[in-house]
Amino acid sequence: MIPARYEASRFPGKLLKDLNGKTVITRTYEAAKNTGLFEEVYVVTDSDKIFAEINKNGGKAIKSNKEHECGSDRIAEAVQDMDVDIVVNVQGDEPFIDKDSLAKLLVVFREDDASAIDLASLKTALSESDDITNSNNVKVITNKNDFAMYFSRFPIPYPRNTDAQVTYFKHLGIYAFRKQALIDFYNLPMLSLESAEKIEAIRFLEYGKNIKMVETQMQTIGIDTPEDLDKAREIWKD
């Protein structure tokens, strides 16, 4: 499931911007489809324009019946009557996904601690200070078993001890949910921490859900600004 909202606050209409011959949302849809990992791939959108764009290019799209604050709510509405076990959320502005990383995400539901996992998501190490301090990059910290403890737009942990050997991780906007965890999320109100940070993953933590984080070396660009789109165009040339 690829949630696709047209009126993005930081870069309105970004999903229909051109990315070297195709729109951003079409590139993302095709990347998810081409992995071959999923029985079905859908774009779930509030926009007639995005709905038409996906159908025009031979894809499958679902139009939301309600207004939603976040992508997970949008997906939950779409899947609530579907007979599915695991639902994967790929953000519409992340066209640089790859099969290996998505496969690693799905594997966790077959491992020894699978029964404790409500959902899983990806993280990747950050090394550049500008990336660590950039509020558009959501950071995540985990416990020793790789379950998420918190997400923030602020650099976490705070480096009070500059000699500590700390690796900063960026949270990539790709999730694999148990369907019930997603439906629970949909029916629970937003609380203060999620509202403050504007990070939907925090709602799961506030209600006691377990998020397994999987490290990947996948280099992805979430297209949040016009500058991100310019960078994506340069990478796509390669």
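Can you sort V107, V140 by how many other beta carbons sit within 10 Å, fewest first?
Numbers: V107 13, V140 22.
Fewest-to-most ranking of V107, V140: V107, V140.
So between E111 and T162, what do we pick up on full extension, going 0.36 nm a residue minus the alpha carbon distance?
My answer for the length gained is 14.8 nm.
Hey, could you grab the Kirkwood Rh for the chain? Inverse mean 1/r over distinct alpha carbon pairs, Å, one decimal.
Values: mean 1/r = 0.0548 Å⁻¹.
Taking every pair of different Cα atoms in the chain, averaging 1/r and inverting gives 18.3 Å.
Between K60 and D81, what's the calculated FRET efficiency when r is the beta-carbon distance and R0 is 22 Å? Round to 0.05.
The pair K60/D81 has a calculated efficiency of 0.90.
So, by mean Cβ neighbours within 10 angstrom, what's the order for 36-43, 230-237, 206-213 with the highest one leading?
Going by the mean number of other Cβ atoms within 10 Å, highest first, we get 206-213, 36-43, 230-237.
For segment 39-46, just list the computed ³J(HN,Hα) in residue order, Karplus coefficients 6.51, -1.76 and 1.60, θ = phi - 60°, integers in Hz, with x standing in for Gly and Pro.
5, 9, 10, 10, 9, 10, 9, 9
When the helix-only estimate is applied to the chain (DSSP H runs of n ≥ 4, each -39,500 (n - 2.57), divided by the residue count), what is the mean residue ellipticity at 222 nm, nearest 500 deg cm²/dmol?
Counting only the DSSP helices, I get -9000 deg cm²/dmol.
For segment 1-114, what is Rg from Cα atoms divided by 2.2 N^0.38 Å, rounded to two decimals?
On the way: Rg = 14.1 Å, N = 114, 2.2 N^0.38 = 13.3 Å.
For segment 1-114, the normalised Cα radius of gyration comes out at 1.06.
Please enumerate, by chain and number, the aspartates and glutamates with C-alpha under 16 Å from the C-alpha of K56, excluding those fewer than 8 residues away in the same chain.
By straight Cα distance, K56 reaches D18, E30, D48.
Segment 26-93: Rg/Rh from Cα coordinates, Kirkwood Rh?
Ratio of gyration radius to Kirkwood radius: 0.93.
Among the lysines, select those whose C-alpha is under 20 Å from the C-alpha of K123, and discard any that sit fewer than 8 residues away in the same chain.
Answer for K123, where 20 Å is the Cα cut-off: K99, K104, K139, K144, K170, K198, K209, K212, listed by chain and number.
FYI, it's all coordinate maths here, none of it is from the lab. Every value quoted in this text rests on a predicted model; they were computed, and no experiment measured them. Glycine gets a Cβ as well: all are built from the backbone with ideal geometry, and neighbour counts include every protein chain shown.
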